[in-house]
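Remarks on the structure that follows.
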Amino acid sequence: MTAPRLRWPKGFLWGAATAAHQIEGDNVGSDYWLLEHLEGSNFVEPSGDACDSWNRWREDLLLVRAMGLNAYRFSVVSASIKKKPGAFSIAALDHYRQVCSACREAGITPIVTFHHFTSPRWIAAMGGWGNPETARLFARYCDRVARALSGLIDIVCTMNEPNAQVTSFVMRGEKVFEGEAAIVARAQRAMGADRFGSYFMGDSFEVRDVCLMAHGLAREAIKAAMPDARIGMTLALQDLVACPGGEALYARIFETARRPFYEAARNDDFVGVQPYMRLYVGPRGYLAPPPGVLLNDSGNDASPDVLPAAVREGWAHARVPILVSEHGIEAEDDRVRAGHLPASIASLHPVIADGIPVLGYVHWSLLDNFEWRSGYRPRFGLHAVDRETFVRTPKPSAAGYRAIVAAARGGG
Ligand code: FCB
């Protein structure tokens, strides 16, 4: 018996995702670059040249095309665009205009994230996302980027996972993050500043509140410049399960790190859902997964049905169309990804059959890239990247994804 052919909504977006700092290289003006190079840095290695995508973005687009995808999610990097207070780099904006135009010429819908974790260092030296002024400056930046890219893009993610910092803050018992004070002190010294704050730093709910304010102001600014654009934010949405005794902590995370974002998303055109794993919440933190589940390389439960669970939760609370803006698996062994991808996509289908509006599925990631504090070790890519030559090589999972998309789009 052959499996029934799954029907997907017309115009469904099939994509792959990247983020500027993780692939472009040389993001020297960013707060992350500074943090990566601090003495005693908690990054296992610096980002360096990354995948050299600032130069090789055309090759990346060819990879997207070769998989038969019709969407590419990438981010513009604010540190290149906004090197100094009040000054925008025309050249950097022009670079991204070219990327967006090339996407359109290739029949690929660009999904552009305006802020994916990194900020200009001078923003960090103003207290970063702990300072409400950052929200106002972010809106000004969004206005400028939106005007530059107007006519070329119509799907915008304002910011990536603004709920992640508050989730980890609540999970660690709403206490000072061990080691953060020392990092901040060293970063301040390096900048000659008396403050330093990054997207993931902060020992209060302030960063969350500034992010929510920034998202609202950004949405208004972008709508004014691009009235037809669909605008939303993307959320870190691991599938959380309350274990016996963990109900109170689960409820605390939901109320502080999910509900406020879902409420904000109700005014948006979509919400980006980004699930990677199922986490088991015990009385004081996450518990080990039960035996027998599919594990990622970090030992977390990455069962395929994590994806529909997150989409259903997002829809139940935000009540706006869902974009799976990231989803994938940390797996050095690509056979794991090649099995996980079709199983996850198949498990998304009943959600769509139930009438939940899902705009598209965007796989993380197009490339093996710089995975933040963990450096280049974790592998999420559909393509391997040689760290010396930057040569990209498709993995079997890329061919698997291509086959799924061809069948879904009626070409296979
Ligand atoms: C997400 C991030 C993305 C990538 C994946 C693995 O939380 O948005 O940049 O690091 O995790």
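The values are calculated or read from the model by the stated rules, or taken from the named source; none is laboratory data. The structure presented is a predicted model; accordingly, all values stated were derived computationally and were not measured. Positions of Cβ are backbone-derived with ideal geometry, glycine not excepted, and every protein chain shown enters the neighbour counts.
Numbers below:
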{"read-out": "Residue in region 16-24 that is at pLDDT 95 or above, outside any loop (DSSP other than H, G, I, E, B), under 18 Å from MET159 (Cβ atoms) and among the hydroxyl-bearing types (Ser, Thr, Tyr) present", "value": "no"}
{"read-out": "Residues located in region 301-340, provided they are within 19 Å of the chain's Cα centre (by Cα), farther than 17 Å from ARG278 by Cβ and among the hydrophobic types (A, V, I, L, M, F, W, C)", "value": "TRP315, ALA318, VAL320, ILE322, LEU323"}
{"read-out": "ARG7 more than 16 Å from the ligand (Cβ to nearest atom), assigned to a helix (DSSP H, G or I) and more than 26 Å from ALA185 (Cβ to Cβ)", "value": "no"}
{"read-out": "Listing of strands (runs of 3 or more DSSP E) fully contained in region 194-287 that carry 3 or more residues being on the phi > 0 side of the Ramachandran plot and among the hydrophobic types (A, V, I, L, M, F, W, C)", "value": "none"}
{"read-out": "Condition met for GLY173 (under 25 Å from ALA79 (Cβ atoms), modelled with pLDDT under 95 and either assigned to a loop (DSSP other than H, G, I, E, B) or not small (Gly, Ala, Ser) (or both))", "value": "no"}
{"read-out": "Filtered residues of region 301-340 (kept if more than 16 Å from GLU161 (Cα to Cα), in contact (Cβ under 8 Å) with a residue 60 or more places away in the chain, within 15 Å of the ligand (Cβ to nearest atom) and not charged (D, E, K, R))", "value": "VAL306"}
{"read-out": "Single residue of region 239-261 satisfying the filter (surrounded by fewer than 20 Cβ atoms within 10 Å (Cβ to Cβ) and in contact (Cβ under 8 Å) with a residue 40 or more places away in the chain) that is farthest from the ligand (Cβ to nearest atom)", "value": "CYS243"}
{"read-out": "Selection within region 357-394 - of a type outside the set (A, V, I, L, M, F, W, C), more than 16 Å from the ligand (Cβ to nearest atom) and buried (at least 19 other Cβ atoms within 10 Å of the Cβ)", "value": "GLY360, ARG392"}
{"read-out": "Complete set of residues in region 109-124 that are away from the ligand (no atom under 16 Å from the Cβ), outside any helix (DSSP H, G or I) and either over 20 Å from the mean Cα position of the chain (by Cα) or under 19 Å from ASN55 (Cα atoms) (or both)", "value": "PRO110"}
{"read-out": "Pair list, Cβ < 8 Å and 6+ apart or interchain, from region 90-108 residues that are more than 15 Å from GLU59 (Cβ to Cβ) and surrounded by 14 or more Cβ atoms within 10 Å (Cβ to Cβ) to residues that are modelled with pLDDT of 95 or more and of a type in the set (Val, Ile, Thr)", "value": "ALA92/VAL76; LEU93/VAL145; TYR96/VAL76; TYR96/VAL112; TYR96/VAL145; CYS100/VAL112; CYS100/ILE153"}
{"read-out": "Qualifying residue in region 175-197 (condition: crowded, with 23+ Cβ neighbours inside 10 Å and either in contact with a Lys or Arg (Cβ under 8 Å, 6 or more places away or on another chain) or closer than 30 Å to HIS327 by Cβ (or both))", "value": "yes"}
{"read-out": "Residue among LEU63, LEU152, LEU69 that is touching a residue at least 12 places away in the same chain (Cβ under 8 Å), out of contact with any Cys (no Cβ under 9 Å at 6 or more places or on another chain), in a loop (DSSP other than H, G, I, E, B) and under 25 Å from GLN274 (Cβ atoms)", "value": "LEU69"}
